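Everything below concerns the one structure shown next.
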Amino acid sequence: MSQKGVIAVLKSIREHGMPKHVSRSTLKRTRERELDSDTAYGPLFATIEVEAKQGGKKKIPVVAPLPLLANLVQAAPFALFLDNLMSEKVPTVSKKWKICLYCDEVLPGNALKPTNDRKLVAFYWSFMEYGKFLYNEQLWMHICSLRTCHIKNIEGGYSAVFKHVAGLFFGAPYDLRHGVQLHLPAAGTSRFLFAEIGGIVSDEAALKQLWSNKGSSGSLPCFLCQNVVAHSSGLDLHDSTGTLVPSCTTKYGQCIPNRSQAVLEKARMLSTQHPVLGVGEFKTLEQSVGLTFNPQGALWDANFQTYLNPGCVEVTGFDFMHVFFVGGCWNTEVGYLLDGITRVVKPSDLHSFLQTIKWPARVSSRATSGKKAFQKHTSGDAAKCSASEGISLYPCLRSFLTLHMAQFDASEMRAVNSYLALCKVLDILLEARFKTVDPAQLLAASEAFLAHRLVSHGVKAFQPKVHYSLHMSEQLRRMGLLISCWTHERKHRELKKFANNMMSAQVSLAWERSLLEELVLMAKCQLMEFDLKTGVELINAQPADRQLTQHVWSHFGLPLDANTELTVSEGALIHHQLFCKKDVVLCDDGTNRFVAELWLHMQLKVNNDGPFDMSVVSALESVSSNVYRMCTDLSIIPSSWIHKSFPTFMTGTNVQVIP
């Protein structure tokens, strides 16, 4: 248990006293009582039946989504949030809410163990109408967690489990396509909920399993394109019609979007040809259509297709975190870049530069700076770091390159320009998590990056994920947002927390049922204190001392008889981000922008007014682009003006900001 966990337990004991009973059986009974598994929409926990490879049926425990929702809206904060959203975005028969499903493999336990019995696949769901609030992992609900040792013994594998999991939203008598009355007792209302599956987002490996497509190993590597073939196959060179294009194409307009109907026709063709063709001929057919025959899979289930709107292709989206930062475009691009500029700078120079950077609290507090990522980098390697470290590193590497621009020759500048073009794409993608972004702007940046990459590194640099990056703009246009799967990585921690501590990882599916019970109980407890933190939240706030209180009193000209309460803190959550003392931040009052050093956060209450959230900053004096001179003149500004914090490094006596 972490120190934070120990402190939480000790505080609970201090406030509520020692529990009378602590046996496992007592905890189990308490958990079952809290879950109250029977709801107006049926039992909270259910099972789905799948075909076992050994014959017979296998019953897999799941969390029924509608009873889960009915159970969770007992929490007043969540019920009020949902009620407000449903009044703003009213679900109707003609305008149903969109269910988004996410699937990923999770590895609890010892990752180095040769046989890890806890390795599992987790399915989560949420509503796309939550919009930008989907960054909050509490709004993603567990529906099924199944160990891979069981999936291997199921006919149809991932895809068979997936289609049954999706069907849980549409089982009689509570079919969300036809509408269900959802009671919100904490909000004192009832609302009709109409919904259908409108988004399925995951990494390429999981989508390959879910749709039984060949993915990057096939001649048609992209599930979303009709005419894109692997550039290594050379099929486009033998196409007399000019329809086929290689996967190293840099123009999205050359890609013909796939259609769900066309994919389903291919699946039906495999069904008809399977009993007719020989093994070798049938494998060739599978390779040519880009699908693996899986009669128990989702594509071969006509009823499953009715759950989706518009269809299997149109609801599918790639997770941009994996596309760019998990062995993705950024990792490989950095490898090519460092190999290309080794005459001027070496990985050891980059490592030394990263040690000079002062990181903002949002990075340093989580140890995700990645400052040691290039300490042992060798030629020919891609960048090796976590996705969160990649987010921190990419702008730092951009600033590092600007320091050496005058030394690069023409060939080296091609590699540098390719990396800078990628940075523009990443800037837009990260901005799209919280702001509205024009898909056309993202597409233009993506095409420019691919063009630079092709010129600098050639077709060898066009791994499948590079092509998938072209689809981000269309995905943004179609879905209205890009799902940030850093959220799901945080969600995995909940699952690992319990899976790691469940000592008996027996073959029985009772292990999965117990895991789901723990996860649902945690979700219910979290939503009892549900807070989207859209405002300002001081961290470890303390009463202000007398001198500061008098200064604030004088600054605002408060009357002598005013009843004031002033609390201060060195750290605060603003716009979902952590900002702490000594951070260099971007401030925006709606008209002007300026860069400042943060000194203090304050919260003021005057009589019955407030609280008023304020921050003390010292504006930096601009010297040149991204270079500033430190100042000591302090100002008090609304905390809401603070929008972003920057890594910095010193250039002489000045501070250089890394945007």
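Charging the Cβ of each Asp and Glu at -1 and of each Lys and Arg at +1, and nothing else, the dipole of the chain about its Cα centre rounds to 1460 debye. Each part reduced to its alpha carbon centroid, the range 142-185 and the range 574-625 end up 46 Å apart.
Each helix, a run of at least 4 DSSP H residues, gives -39500 (n - 2.57); summed and divided by the residues of the chain, these come to -11500 deg cm²/dmol at 222 nm. Expressed to the nearest 5 percent, the antiparallel share of DSSP beta bridges inside the chain is 85 percent.
May I ask you to give the percent of accessible area on the range 46-132 that is carbon plus sulfur, with a probe radius of 1.4 Å?
For the range 46-132, the apolar C and S fraction of the accessible surface comes to 52 percent.
Using θ = phi - 60° in the Karplus curve 6.51 cos²θ - 1.76 cosθ + 1.60, the 3J(HN,Hα) couplings for the range 564-573 round to 10, 9, 10, 10, 10, 7, 8, x, 7, 8 Hz; x is entered for Gly and Pro.
Here the range 171-225 yields Rg over Rh of 1.28, to two decimals, using C-alpha coordinates and the Kirkwood radius. Less than 5 angstrom separates the built amide H of ILE48 from those of ILE60, VAL62, all sequence-distant by 5 or more or on a different chain. Peptides 603-614, 136-147, 562-573, ordered by how many other C-beta atoms sit within 10 Å of their residues on average, highest first, read 136-147, 562-573, 603-614. Taking the Cα centre of the range 115-256 as reference, the dipole from Cβ charges on Lys and Arg (+1) and Asp and Glu (-1) amounts to some 240 debye. Using a probe radius of 1.4 angstrom, the carbon and sulfur fraction of the accessible surface of the range 290-386 is 51%.
Summing charges over neighbours of ALA444, with a neighbour being any other residue whose Cβ is under 10 Å away from its Cβ, gives -1 when K and R count +1 and D and E count -1.
Excluding HIS164 itself, what net charge comes from residues whose Cβ is under 13 Å from its Cβ, given Lys and Arg +1 and Asp and Glu -1?
My count for the surroundings of HIS164 gives 0.
The range 426-452 to the range 490-549: how many Å between their Cα centroids? For the range 426-452 versus the range 490-549, the Cα centre distance is 33 Å.
I need the shape label for the chain. Rule: rounded when a/c is under 1.5, else prolate if a/b > b/c, else oblate, with a, b, c from the alpha carbon gyration tensor. Note, shape of the chain comes out oblate.
Taken over the range 371-514, the convex hull of the Cα atoms encloses 191 Å³ per residue.
Computed over protein heavy atoms with a 1.4 Å probe, the carbon and sulfur contribution to the accessible area of the range 556-640 reaches 48%. Solvent-accessible area per residue in the chain equals 46 Å², computed with a 1.4 angstrom probe and all protein chains kept.
Close amide-amide hydrogen proximity is noted between LEU193 and VAL180, GLN181, LEU182, each under 5 Å apart and 5 or more residues distant or on a separate chain (H modeled in the peptide plane; Pro and chain starts excluded). When only alpha carbons are used to place a centre, the range 347-375 and the range 227-306 end up 44 Å from one another. For MET630, the solvent-accessible surface with a 1.4 Å probe is about 80 Å², rounded to the nearest 10. Residue-wise HN-Hα couplings along the range 337-353, as the Karplus relation 6.51 cos²θ - 1.76 cosθ + 1.60 with θ = phi - 60° gives them from phi, are 4, 5, 5, x, 10, 5, 5, 9, 9, 10, x, 5, 5, 5, 4, 5, 4 Hz; Gly and Pro carry x.
The values are calculated or read from the model by the stated rules, or taken from the named source; none is laboratory data. Keep in mind it's a predicted model, so treat the numbers as computed, not measured. Here the Cβ is made from the backbone with ideal geometry for all residues, glycine too, and neighbour counts use every protein chain on show. Just the protein is used for accessible areas: all its heavy atoms, side chains included, with ligands, DNA and RNA removed. Shrake-Rupley method; radii C 1.70, N 1.55, O 1.52, S 1.80 Å.
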